[in-house]
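These notes concern the structure reproduced below.
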Number of protein chains: 2
Amino acid sequence: MKTPRTTPSRLAKRARYDDKTIHPILDEALFCTVSYVMNGQPMAIPTAFARNGDRIYIHGSVGSHFIRSIENNVPVCITVMLADGLVLAKSAFHHSVNYRSVVVFATAEKVVDEAEKMHALALITDHLIPNRWADLRPTTASELHKTTVLAFSLTEASAKLRAGGPGDDPEDVDLPTWAGVIPLQTIRATPIPAEYNTVELPHYLM
Amino acid sequence: MKTPRTTPSRLAKRARYDDKTIHPILDEALFCTVSYVMNGQPMAIPTAFARNGDRIYIHGSVGSHFIRSIENNVPVCITVMLADGLVLAKSAFHHSVNYRSVVVFATAEKVVDEAEKMHALALITDHLIPNRWADLRPTTASELHKTTVLAFSLTEASAKLRAGGPGDDPEDVDLPTWAGVIPLQTIRATPIPAEYNTVELPHYLM
């Protein structure tokens, strides 16, 4: 939603507020950074997350200082960034980055319903490793009680994107310097079995 | 440096304070997230950066709301995270992430010396694209004046890392579920020339 704090002061043409833009970015990014304020000091922690409709979940140990700092009505700023490419112009000044980013302003809602909590953990697990949850032994009541799940509304979320090639000044276009985009990709390399693993690699990890 | 706010409350064994650990993480990461407080509200922006000895530089337009918000003695928290792998255990509870992260607490120092400013822009450019700066036409005085460079001391920086395989509960070790690590890597794909590019791809981009 477009609000004063989700409206960028510069390059507003890069901003988007529709779910069709915001949701796929959140679904593709593996990690987010949660920023909050403690005694006037900014603090930030990278963490895993998952989207469920118009909310996102994060989780952590019930004893985590980070989780305890934000679980009770503390405003957070959650950022996600997918770096799609390095944009090389003929001048340093016009170098840029192709990216898709999301910023969410929200306040945590602690998930107390056990079924929703379990569902959130399944979503966070499957967000990082699709189809993993169904291959795992059930999470125990004790494990669930050791874990806090926080939900954040996406009501005040915005996306910002850049795509495409460089934009050089007309007088630079013929300079003898290569210009274009170097795409960046995150890949999953060959899985490394644990020392105690005796199980064949399942299809969903291939 | 180890200070109260750089000392994690949990998993303190994962924390490091030595340059030998911190500097390579900063040098490998392409982007950082800068968090700050505005009217009590946490704000965060992903941006490019570069390390120069025991400081890091970021840059932005002199008109950037973000840059103007933090250039005058505003505390920031700068985070960097390299996600090295997804750690798959036999229980959801013991799933984890292999990562190398750095958190820096600092306050911006505006770089006014023009030579240092130019050097910072060269470092930021070459951090993203090694050897690029030398292939570019000189940055003009006008371009330099449109750009703000901020420096941040690494005095209050700390790193946190996890590496290695999963740690399952002894009673889970023989469960018929694959356990191990899925390495994550960021790769640079085949460069895409700009429409107006007529120059061969240089060696430093191959």
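Quick note: the coordinates plus some simple rules give every number you see, no bench work behind them. Keep in mind the model is a prediction, meaning the values are calculated, not measured. Because the Cβ atoms are built from the backbone with ideal geometry, glycine has one as well, and the counts that use them run over all protein chains shown.
Here are a few things to note about the model shown:
- Once the Cα atoms are used to define both axes, helix A:19-28 deviates from the longest principal axis of chain A by about 70 degrees.
- The protein assembly as shown - charge dipole about Cα centre, Lys and Arg +1 at Cβ, Asp and Glu -1, debye rounded to 20: 880 debye
- In this simple spin-label approximation, A:Ser61 and A:Thr198 carry label points 7 Å from Cα along the Cα→Cβ vector, and these lie 3.1 nm apart.
- If you count Lys pairs in chain B whose Cα atoms are under 21 Å apart, skipping same-chain pairs closer than 8 places in sequence, the total is 7.
- Highest mean first, the peptides A:66-78, A:168-180 sorted by other C-beta atoms within 10 Å per residue fall in the order A:66-78, A:168-180.
- Sorted from shortest to longest, the distances between the A:Thr140 label points of this copy and the other copies are 6.9 nm, with each point 7 Å from Cα along the line through the beta carbon.
- Here's how it looks for A:Thr147: its modeled amide H is under 5 Å from those of A:Val62, which are all 5 or more places away or on a different chain.
- For chain A, calculated [θ]222 nm from helices alone, where every DSSP H run of n ≥ 4 adds -39500 (n - 2.57): -5000 deg cm²/dmol
- 10 Å Cβ neighbours from other chains, averaged over peptide A:164-170: 3
- A point 7 Å from Cα along Cα→Cβ stands in for A:Tyr17, and the other copies hold the same point at 4.7 nm, listed in rising order.
- When the trypsin sites (Lys or Arg not before Pro) in region B:109-154 are filtered for DSSP coil states and for at most 14 other beta-carbon atoms within 10 Å of their beta-carbon, the remaining sites are B:Lys146.
- Euclidean distance of C-alpha centroids, region A:67-125 and region A:15-53, integer Å: 1 Å
- 7 Å along Cα→Cβ, label-point gaps from B:Asp126 to other copies, nm, shortest first: 4.9
- Chain B: angle of helix B:114-128 to the longest principal axis, Cα-based, in degrees nearest 10: 40 degrees
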